[in-house]
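Since the structure comes first, as structure tokens, the remarks are kept for the end.
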Amino acid sequence: MSHNILMPRIMEVGGGALDRLPDVLAALDVARPLIVTDRMMMELGYVDRVRELLAAAAIPTQVFADTVPEPTERSIMAGVEAMTGGLDDGRTFDSVIAIGGGSPIDSAKAIGVLAHFGGEIRDYQFPRQAERAGLPLIAVPTTAGTGSECTRFTIITDDTVDEKMLCVGVGFMPTAAIVDYELSLSVPPRVTADTGIDALTHAIEAYVSRKANGFSDHQALAAMRLIAPNLRTVYHQPDNRAAREAMMLGASLAGLAFSSASVALVHGMSRPIGAFFHVPHGMSNAMLLPAVTRFSLDNAPARYARCARSMGIASESNTDTAAVHLLIKELGALNRELEVPTPGEFGIDPDRWRSALPTMAEQALASGSPGNNPRVPEVGEIIELYQQVWQSVS
Ligand SMILES: [Fe+2]
């Protein structure tokens, strides 16, 4: 049996990688990129830095900075208009540069595909696959989290029905990724924690997924080894360069892992929390990770035990039973130390939470991700897990 592995054609990895952007464009034979980003990246000066780099290489560009957190269909269509409108001198764009966290990169993926192939984003919703690559996309992540620079996925919210649509395929895999941890040094602690747990969740879910394979296993285990010992460090010491570098690399490796192995129940249940209550993606993963791991581990104890060992919280001499016990303990402790709130502490109204649960559970199942979980839940079990998470996230 073979496995379909997709990767960016070029990856430039390490401190200062951003300076190589003009060379990456030249290698891809593109010279008229649209920069897709958000207001925060403009304020932090990253967009000016990129424009200066490109200007020095005589590369014309324009900026679309109106991507939003948890991108919606409407926000994407504004980007598609900017893309199809072309440069002010009348020439067309031939590529997209995405700069930012997961939202600008996910937005750029959708904009690139829609501007090239047409249609609406819901035309690309899973299980349909975007089987052809669109215009070259160069992804520049500024957070160590989503791994979107290395995945064949994008998530766009249908705001008419509060549903996060998962879109999958070659068309959503960036052509190049510039993974420069120095861009993550200014990320504030809350976002650092949320995105870091997202990356850890990608690695764990890829490793226990029913679609795990030899390639994804190695990427996932390497990602856990890099992320787990450094997550607390980057939360408490934002300037710790070695820890930031390890997290950035770990997040990209976790992205590669789940791009071929998929994610599982945590992500399936996390997306509806984001769509209904606007909890940041990594934070809702963190809320769910301990409870979903407890629910799932009897169906894959050896796999969860290996996660604990790769994370450095159990040793080879621990039995699988002891190792998974340590894993559960660690996931709870991590949430406490990173100050992950319960849904109620986040500010969600208990009545709205309760009444949304059946729809959230249906959406979670429909996304397909719970089907990859070691223990595949029924609707009622998903509701029960949501109720547990309301009580405690550790
Ligand atoms: Fe994620």
- Applying the Karplus parametrisation 6.51 cos²θ - 1.76 cosθ + 1.60 with θ = phi - 60° to the phi angles of the range 2-7, what ³J(HN,Hα) value in whole Hz is obtained for each residue in order, glycine and proline being reported as x? 10, 10, 8, 10, 10, 9
- Message: I'd like to compare 68-80, 232-244: which one has the highest average count of other Cβ atoms within 10 Å, and what's the full order after that?
- Response: 68-80, 232-244
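Which percentage, to the nearest 5, of the DSSP beta bridges contained in the chain is antiparallel? Walk me through the numbers before you get to the answer.
Working: 7 of 28 bridges.
Percentage antiparallel, nearest 5: 25.
At a Förster radius of 41 Å, what calculated FRET efficiency corresponds to the Cβ-Cβ distance of residue 55 and residue 240, to the nearest 0.05? Please list the in-between numbers first.
Values: r = 33 Å, r/R0 = 0.80.
Taking R0 as 41 Å, the efficiency between residue 55 and residue 240 is 0.80.
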- Name the residues whose placed amide hydrogens come within less than 5 Å of the amide hydrogen of residue 62, ignoring near sequence neighbours (fewer than 5 apart) on the same chain. 35
- Task: Rounding to the nearest 20 debye, state how big the charge dipole of the range 170-260 is about its Cα centre with +1 on each Lys and Arg Cβ and -1 on each Asp and Glu Cβ.
- Result: 200 debye
- Item | FRET efficiency for residue 322 and residue 44, using Cβ-Cβ distance with R0 set to 35 Å, rounded to 0.05 | 0.20
- Summing -39500 (n - 2.57) over every DSSP H run of at least 4 residues in the chain and dividing by its residue count gives a helix-only mean residue ellipticity at 222 nm, to the nearest 500 deg cm²/dmol, of -16500 deg cm²/dmol
- Query: Along the charge dipole of the chain, which of 282, 382, 72 sits closest to the positive end, that is, farthest toward it, with unit charges on the beta carbon of Lys, Arg, Asp and Glu (+1, +1, -1, -1)?
  - Reply: 382
- Query: Whose amide H sits under 5 Å from the amide H of residue 177, counting only residues 5 or more places off or on another chain, with H placed in the peptide plane?
  - Reply: 10, 11, 12, 139
- Using the Cα gyration tensor of the range 230-307, with a ≥ b ≥ c the square roots of its eigenvalues, what is the shape: rounded (a/c below 1.5), prolate (a/b larger than b/c) or oblate (neither)? oblate
- Message: Please report the spacing between the Cα centers of the range 211-285 and the range 22-71 in Å, no decimals.
- Response: 25 Å
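Can you bin the range 66-165 into rounded, prolate or oblate? Criterion: square roots of the alpha carbon gyration tensor eigenvalues sorted a ≥ b ≥ c, rounded for a/c under 1.5, prolate for a/b above b/c, oblate for the rest.
Details: a/c = 1.43, a/b = 1.19, b/c = 1.20.
Rounded shape, in that the Cα axes give a/c under 1.5.
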- Item | Selection of trypsin sites (Lys or Arg not before Pro), the range 88-136, meeting DSSP coil and at most 13 other Cβ within 10 Å | 91, 128, 132
- Karplus 3J(HN,Hα) series, Hz, for the range 124-139 with 6.51 cos²θ - 1.76 cosθ + 1.60 (x for Gly, Pro): 9, 5, 3, x, 5, 10, 7, 8, 10, 6, x, 5, x, 10, 10, 9
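No value in this document is a laboratory result; all are computed from the given coordinates. Model, not experiment: these values are computed from the prediction. Cβ sites come from the backbone with ideal geometry, for glycine too, and all protein chains shown count toward neighbours.
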